[in-house]
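S.K.: For reference, the structure I am asking about is given below.
The values are calculated or read from the model by the stated rules, or taken from the named source; none is laboratory data. In this text, all values refer to a predicted model and were calculated from it rather than measured experimentally. Using ideal geometry, Cβ is built from the backbone for each residue, glycine included, and neighbour counts are taken over all protein chains shown. For the accessible areas, the whole protein counts, side chains as well, though only heavy atoms, and no ligand, DNA or RNA atoms are used. Shrake-Rupley method; radii C 1.70, N 1.55, O 1.52, S 1.80 Å.
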Amino acid sequence: MKAITVTEDRSFFEHHGINLRGIVRAFVRRYDADPNSPIARQGGSSITQQLVKNLLLTPERTWRRKFAEAYMSLILETRLSKEEIFALYCNEVYLGQRAGFSINGFGEAADSYFNKDVTGLSLPESALLAGLIRSPNRYNPYRHFDTALGRRNQVLDSMAQAAEISAAGPRAKSVELKVAPVRGRMGSADAPYFADYVQGQLSELIADEGAAQHLRIYTTIDLELQRAAYTAVNKQLAALDKIYAKRVAPGTLQAALVAMNAETGEIIAMVGGRDYEKSQLNRATEAMRQPGSVFKPFVYAAALNTAYEPIPRVITPATMYLDAPKTFSYDTQQYSPGNFGDAYSNKLIPLRDALVKSLNVVTVEVAMEVTIGRVMNLATKAGLPRPAKPYPSMALGASEATPLQIASAYTSFAAKGVRATPVTINRITNGKGQTVIAPTTQKNQVMTPEVAFVMTSFMKDVVNRGTAAKLRARGFKANVAGKTGTSRDGWFAGYTPKIVCAVYVGFDNGSQLGLTGSDSALPIWADFMSAALIAHPEWGGDWEMPPGVQQAEIDLSTGMLAGAAPQPAANGDGEMTLEQITIKPIVKRKEYFINNTVPTEQTDVSTEENAPELPEMGDQNGLQNGDLLPPAFPAEPPPLDDYIPAERAPTLPRLEGRGVRQPDGSTRLMGTLTLDIDPATGLIAAATCPVIRSKSFQIGQQPTQYCGPDHHAGNISTPPATRPRLVAP
């Protein structure tokens, strides 16, 4: 107390709220001193005035504020005793920052700077803290050690001049200044973003903020894993800084990490940015960004949910989709997504492989078939924000979300379809140790355990052989599932049966990161999860297959049950038949199916890796004897002339087919046929059509009529095109 009154207000116990002598002294010193000298910045406010300013007024430097401050100080002196005013001042005064947090009051300052209770401070330590009041940043012992030491000695000299200390003064000045190490003890500073988030949660749990000062709050954070999270984030960002050194200033790139207990919703680690002191924006809870392909699992989960509500059909992991460019129409607009790198196989692939390879066009096609509205409804049940209006690009993660929302949504995959809301506080106790509040997570069923299990098997494949295969390349061997995401930012969300972790990497201004999620976010996830599973091996393991799921062996090129390939049949009449095609072994895979959704048809002849060898084509401008035509394909197109430029002529149809053995022993051709059509009429395009687009049809469902002059008003001539022909895949 003596050190404070000597340095701030020596006549505190004598005046009535305003220190007139101090005000005059401050004016004189400010007039005489160098404007850049710290002496010139001395104030004349009493301790009472400082308390009023800090508690009730703003720090603006105006005469209006100073007069209000003086008036309110006089009133306060009539309401409280000097001791009460001094106690309030000592508990509230600002004394610097530690890891981005304000240090208010001498009790907190004693703990932060010396790792002591305020009652255990020595004279030199008390003098240092008293000296901080004038300018906590200027006299910060961690940043300006010599300046802080000089200020401490100045306070001791002032105390000696005021006869508050005698012989102890010179000895106290000779005592070495020792402050606690920056990380001398654990506290909220080790999880600053989490501490801010908890503070917000407290305001919802406790109406009276003053009551919180008398309670003990137990949070869910695991400090060991919190340190591991910071280490992982800082390590990867330091490596990425080298990549972006010529583009942005070091420290510009940001990241966020959230780890949750999948069953209880407890947040066990949270990193909201790389440096809390420089930016208090908690990107884990406040930064709304596009998650990209991290959102895709909700599209495929909605597709698998057709097992219970077939709209318009039952979609299974073996349902086949064409991986090729496609334009989608919605409302009065058109949307043409592209795969990453504009790479397409132009082949039919199973639903599972579409997610494993993160194919954009197939994902949008699945979402459009199920309907975007149903996809977004499922995502909303999982805790993701509900958009005002669904549109196709949302299937690719165009709707924004925070890393915390993504992590919470992924708990529905990890915990058998049940989503857990985030929890930060385990319990709150009073001074007697009695629990007064014990928050619990809110749970809701997002999907059935069967859908969640099959989706987890999809995302295990993403890690083992898909877009997240770099996780295995890093030596990560634990049994996990996850999905990468690449938008303007990099994402990775993954989980075990017990823990979910989501990682985001990007720029605050929304600049293009230019790296995939596997190159940017995945290394952070891998380092953190490695540490988490070492510390808690019980969080690993595998998912138990629900009774409503069964396995069946499928042909990867047809999605049908895999059967033995038939032997080629002899034919003596000289005509080419399907049975004369050379048959290669069928490529099989065991697949998971929700009960009652296993394919009923069996493949006997397959394509792609085991593609049948089609007959050798003859003249490239026409069909030869024995060429195979799909059912209902017209034998002759309309007669057309020869002068039409090649660039106006429709391209040739493309057949992707395979023979399927029927119960009666016959073989039926199945697959797709790609034709150039006129989108205005839906008919096979002629060269005169103003717009020509390629479109794939299931064999037997393609149009059989050609477009002609009757279908286009004002078109009086019908220029020719070459006769269509089949092209072997």
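S.K.: Could you say whether any residue in region 383-399 is in a loop (DSSP other than H, G, I, E, B), open to solvent by 30 Å² or more (accessible area, probe 1.4 Å), in contact (Cβ under 8 Å) with a residue 24 or more places away in the chain and under 12 Å from F328 (Cβ atoms)?
M.R.: So far as region 383-399 goes, yes, one or more of its residues are in a loop (DSSP other than H, G, I, E, B), open to solvent by 30 Å² or more (accessible area, probe 1.4 Å), in contact (Cβ under 8 Å) with a residue 24 or more places away in the chain and under 12 Å from F328 (Cβ atoms).
S.K.: Continuing with the same structure: Could you list all residues from region 246-279 that are assigned to a loop (DSSP other than H, G, I, E, B), of a type in the set (A, V, I, L, M, F, W, C) and more than 16 Å from A414 (Cβ to Cβ)? Break it down stepwise before answering.
M.R.: Of all residues in region 246-279, those assigned to a loop (DSSP other than H, G, I, E, B) come to 246-253, 262-265, 272-279.
Now drop any that are not of a type in the set (A, V, I, L, M, F, W, C), which leaves 248-249, 253, 262.
Listed by number, the residues that qualify are V248, A249, L253.
S.K.: Taking the residues in region 400-435 that are among the hydroxyl-bearing types (S, T, Y) and over 23 Å from W491 (Cβ atoms) as candidates, determine which candidate is surrounded by the most Cβ atoms within 10 Å (Cβ to Cβ).
M.R.: Filtering region 400-435 down to residues among the hydroxyl-bearing types (S, T, Y) leaves 402, 408, 410-412, 421, 424, 429, 435.
Okay, now just the ones that are also over 23 Å from W491 (Cβ atoms), so 429, 435.
On the way: T429: 15, T435: 12.
Step by step, filter region 400-435, then rank; the result is T429.
S.K.: Sticking with this structure for a sec: State whether one or more residues within region 95-106 are at negative phi and assigned to a helix (DSSP H, G or I).
M.R.: Yes, the conditions are met somewhere in region 95-106.
S.K.: Same structure, new question: Take G131 and decide whether it is touching a helix residue (DSSP H, G or I) at 6+ places or on another chain (Cβ under 6 Å), of a type outside the set (K, R) and within 23 Å of S11 (Cβ to Cβ).
M.R.: Numbers: touching a helix residue (DSSP H, G or I) at 6+ places or on another chain (Cβ under 6 Å): yes; of a type outside the set (K, R): yes; within 23 Å of S11 (Cβ to Cβ): yes.
When the stated conditions are applied, G131 passes them.
S.K.: If you don't mind, there's one more thing I want to ask. Of the residues in region 329-359, how many are part of a helix (DSSP H, G or I), under 21 Å from the mean Cα position of the chain (by Cα) and farther than 20 Å from N305 by Cα?
M.R.: Number of matching residues: 1.
S.K.: Output yes when any residue across region 471-492 is in contact (Cβ under 8 Å) with a residue 12 or more places away in the chain and in a helix (DSSP H, G or I), and no when none is.
M.R.: Quick first cut of region 471-492, residues in contact (Cβ under 8 Å) with a residue 12 or more places away in the chain only: 471, 474, 476, 478-492.
Still in the running and in a helix (DSSP H, G or I): 471.
Yes, there is a match, as at least one residue in region 471-492 is in contact (Cβ under 8 Å) with a residue 12 or more places away in the chain and in a helix (DSSP H, G or I).
S.K.: Same structure, new question: Specify the residue that is surrounded by the most Cβ atoms within 10 Å (Cβ to Cβ); the eligible residues are those in region 70-87 that are among the aliphatic types (A, V, I, L, M) and at pLDDT below 85. So that I can check it myself, show each step before the final result.
M.R.: Taking region 70-87 first, the residues among the aliphatic types (A, V, I, L, M) are 70, 72, 74-76, 80, 85, 87.
Restricting the remaining residues to those that are at pLDDT below 85 gives 70, 72, 74-76, 80, 85.
Numbers: A70: 17, M72: 19, L74: 14, I75: 11, L76: 19, L80: 15, I85: 21.
For region 70-87, the residue satisfying everything is I85.
S.K.: So if I check each of R374, R352, which one is touching a residue at least 40 places away in the same chain (Cβ under 8 Å), touching a helix residue (DSSP H, G or I) at 6+ places or on another chain (Cβ under 6 Å) and open to solvent by 20 Å² or more (accessible area, probe 1.4 Å)?
M.R.: Numbers: R352 fails: open to solvent by 20 Å² or more (accessible area, probe 1.4 Å).
None of the others qualify; the one that does is R374.
S.K.: Within region 303-318, take every residue that is of a type in the set (A, V, I, L, M) and either at pLDDT 95 or above or not in a loop (DSSP other than H, G, I, E, B) (or both) and give me the one that is surrounded by the fewest Cβ atoms within 10 Å (Cβ to Cβ). Even if it seems obvious, please write down each step before you answer.
M.R.: Of the residues in region 303-318, the ones of a type in the set (A, V, I, L, M) are 303-304, 307, 311, 314-315, 318.
From what's left, either at pLDDT 95 or above or not in a loop (DSSP other than H, G, I, E, B) (or both): 303-304, 307, 314-315, 318.
Numbers: A303: 27, L304: 28, A307: 20, V314: 17, I315: 22, A318: 23.
Across region 303-318, the extreme among qualifying residues is V314.
S.K.: Let me confirm something: among W491, W543, which residue is out of contact with any strand residue (DSSP E or B) (no Cβ under 7 Å at 6 or more places or on another chain), at pLDDT 95 or above, closer than 26 Å to I267 by Cα and buried (at least 18 other Cβ atoms within 10 Å of the Cβ)? First the steps, then the outcome.
M.R.: Values: W491 fails: out of contact with any strand residue (DSSP E or B) (no Cβ under 7 Å at 6 or more places or on another chain).
Only one candidate passes the filter, namely W543.
Table: residues versus (1) out of contact with any strand residue (DSSP E or B) (no Cβ under 6 Å at 6 or more places or on another chain); (2) under 22 Å from K357 (Cα atoms).
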residue: R427; (1), (2): no, no
residue: V436; (1), (2): no, no
residue: Q442; (1), (2): yes, no
residue: E450; (1), (2): no, no
residue: N464; (1), (2): yes, yes
residue: K470; (1), (2): yes, yes
residue: K477; (1), (2): yes, yes
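S.K.: Let me ask something additional. What's the number of the condition G514 fails, among (1) on the phi > 0 side of the Ramachandran plot; (2) small (G, A, S); (3) in contact (Cβ under 8 Å) with a residue 12 or more places away in the chain?
M.R.: (3)
S.K.: Run down Y321, Y300 and say which single residue is among the hydroxyl-bearing types (S, T, Y), outside any helix (DSSP H, G or I) and modelled with pLDDT of 95 or more. Spell out how you get there, then give the answer.
M.R.: Details: Y300 fails: outside any helix (DSSP H, G or I).
On inspection, the qualifying residue turns out to be Y321.
S.K.: Right, next: Every residue in region 181-210 that is at pLDDT 85 or above and among the hydrophobic types (A, V, I, L, M, F, W, C), please.
M.R.: Listed by number, the residues that qualify are A191, F194, A195, V198.
S.K.: Can you work out which of the residues in region 141-168 that are within 46 Å of the chain's Cα centre (by Cα) and in a helix (DSSP H, G or I) is surrounded by the fewest Cβ atoms within 10 Å (Cβ to Cβ)? Full working, then the answer.
M.R.: First, pick out the residues of region 141-168 that are within 46 Å of the chain's Cα centre (by Cα): 141-148.
Next, only the ones that are in a helix (DSSP H, G or I) stay: 145-148.
Working: F145: 13, D146: 9, T147: 16, A148: 21.
Only one residue fits best here, namely D146.
S.K.: Let me ask something additional. Only one of these is farther than 27 Å from D353 by Cβ, β-branched (V, I, T) and either modelled with pLDDT under 95 or touching a Cys at 6+ places or on another chain (Cβ under 9 Å) (or both): T600, T607, T582, T577. Name it.
M.R.: T577
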